[in-house]
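Chemist: Could you have a look at this structure, given as structure tokens, before my questions?
The values are calculated or read from the model by the stated rules, or taken from the named source; none is laboratory data. Predicted model, so just to flag it, every value in this text is computed and none were measured. No Cβ is skipped: glycine too gets one built from the backbone with ideal geometry, and neighbour counts run over all protein chains shown. Accessible surface is based on the protein model in full, side chains and every heavy atom, while ligands, DNA and RNA are left aside. Shrake-Rupley method; radii C 1.70, N 1.55, O 1.52, S 1.80 Å.
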Amino acid sequence: MVVAGQRWLDLGCGSGVFTRVLLDRGACVAALDGSRAMLDAAKVALEGPAVQVDWIHGDVRDLSRFEDGHFDGIVCFSVIEYLPDASRLIGEVSRVLRNDGFFIFSVPPNFSLSRGLQKLVRKFLGLFGVNVFEYLSVSILEISRTGVESLVRNFGMSVMDVRGFDSCVPAWMRLVISRPALMIYVARKDQNATAG
């Protein structure tokens with residue numbers, strides 16, 4: 001999917017884990033994050049190849065610095081669920097993504113047993129002043145597959161593939177739990193799409 005020489009955006013790059021993956025596949029990478037500390041950590045973690053990255057501090061929902069169709073692909077992991085308006089980000093992604101370009105992103109599904117258990121543990125331990133799974137206090141979006149498909153379709157994209165991911169559940173238990181903590185989607189911008 002990532003072809004050497006293509007332009008990719010790591011949207012909400014955090015510590016640079018996926019920036020590294022893109023670089024290893026030969027992509028020209030722009031890495032954007034709202035936290036200067038995370039950008040600095042990513043630069044340190046990547047060291048040598050970091051000079052090949054366009055590091056950008058900014059709001060993930062504002063991609064106005066990029067022209068329409070600028071990127072061949074965009075990755076966005078563990079970002080969308082923290083935003084009050086996911087459609088604003090998806091609209092900007094669609095605008096800066098070339099036709100036939102890929103958008104690879106994660107969102108938590110609704111009715112995830114794994115997340116539900118984390119919420120119960122968080123609430124129970126919170127009674128004793130113990131703060132666990134702190135991200136759940138700001139993770140506001142849980143969405144069904146049909147909801148995701150409808151959302152990206154509104155911006156001229158189609159879901160091509162979906163996979164589950166759950167770091168909290170051992171592999172042998174994943175068949176028992178119907179929905180993992182995160183779903184990873186691969187969407188493609190339709191050939192004749194115009195940014196929504």
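Chemist: Identify all residues within segment 116-152 that are within 22 Å of Ser87 (Cβ to Cβ) and either in contact with a Lys or Arg (Cβ under 9 Å, 6 or more places away or on another chain) or aliphatic (A, V, I, L, M) (or both); write none if there are none.
Modeler: Val138, Ser139, Ile140, Leu141, Glu142, Ile143, Val148, Leu151, Val152
Chemist: Does segment 124-143 contain any residue that is among the hydroxyl-bearing types (Ser, Thr, Tyr), modelled with pLDDT under 90, under 23 Å from Asp33 (Cα atoms) and open to solvent by 30 Å² or more (accessible area, probe 1.4 Å)?
Modeler: Checked segment 124-143: at least one residue is among the hydroxyl-bearing types (Ser, Thr, Tyr), modelled with pLDDT under 90, under 23 Å from Asp33 (Cα atoms) and open to solvent by 30 Å² or more (accessible area, probe 1.4 Å).
Chemist: Please give the number of the condition Asp59 fails out of (1) more than 21 Å from Val148 (Cβ to Cβ); (2) acidic (Asp, Glu); (3) surrounded by 19 or more Cβ atoms within 10 Å (Cβ to Cβ).
Modeler: (3)
Chemist: Can you find even one residue in segment 42-59 that is among the β-branched types (Val, Ile, Thr) and part of a loop (DSSP other than H, G, I, E, B)?
Modeler: No, segment 42-59 contains no residue that is among the β-branched types (Val, Ile, Thr) and part of a loop (DSSP other than H, G, I, E, B).
Chemist: Output the qualifying pairs, or none if there are none: Cβ atoms under 6 angstrom, residues six or more apart or on different chains, first residue in segment 70-99 and on the phi > 0 side of the Ramachandran plot, second residue surrounded by fewer than 17 Cβ atoms within 10 Å (Cβ to Cβ).
Modeler: Nothing qualifies.
Chemist: Of the residues Val138, Val152, Val162, which single one is of a type outside the set (Asp, Glu), touching a Ser or Thr at 6+ places or on another chain (Cβ under 9 Å) and more than 20 Å from Ala31 (Cβ to Cβ)?
Modeler: Matching residue, one of Val138, Val152, Val162: Val152.
Chemist: Taking the residues in segment 1-29 that are part of a strand (DSSP E or B) and without any contact (Cβ under 8 Å) to a residue 40 or more places away in the chain as candidates, determine which candidate is nearest to Trp55 (Cα to Cα).
Modeler: Restricting to residues being part of a strand (DSSP E or B) and without any contact (Cβ under 8 Å) to a residue 40 or more places away in the chain, the top hit is Val29.
Chemist: Tell me which of these Leu113 doesn't satisfy, since it passes every other one: (1) touching a Ser or Thr at 6+ places or on another chain (Cβ under 7 Å); (2) at pLDDT 90 or above.
Modeler: (2)
Chemist: Can you name the condition, by its number, that Gly101 falls short on among (1) of a type outside the set (Lys, Arg); (2) within 17 Å of Val2 (Cβ to Cβ); (3) within 16 Å of the chain's Cα centre (by Cα); (4) open to solvent by 20 Å² or more (accessible area, probe 1.4 Å)?
Modeler: For Gly101, the failing item is (4).
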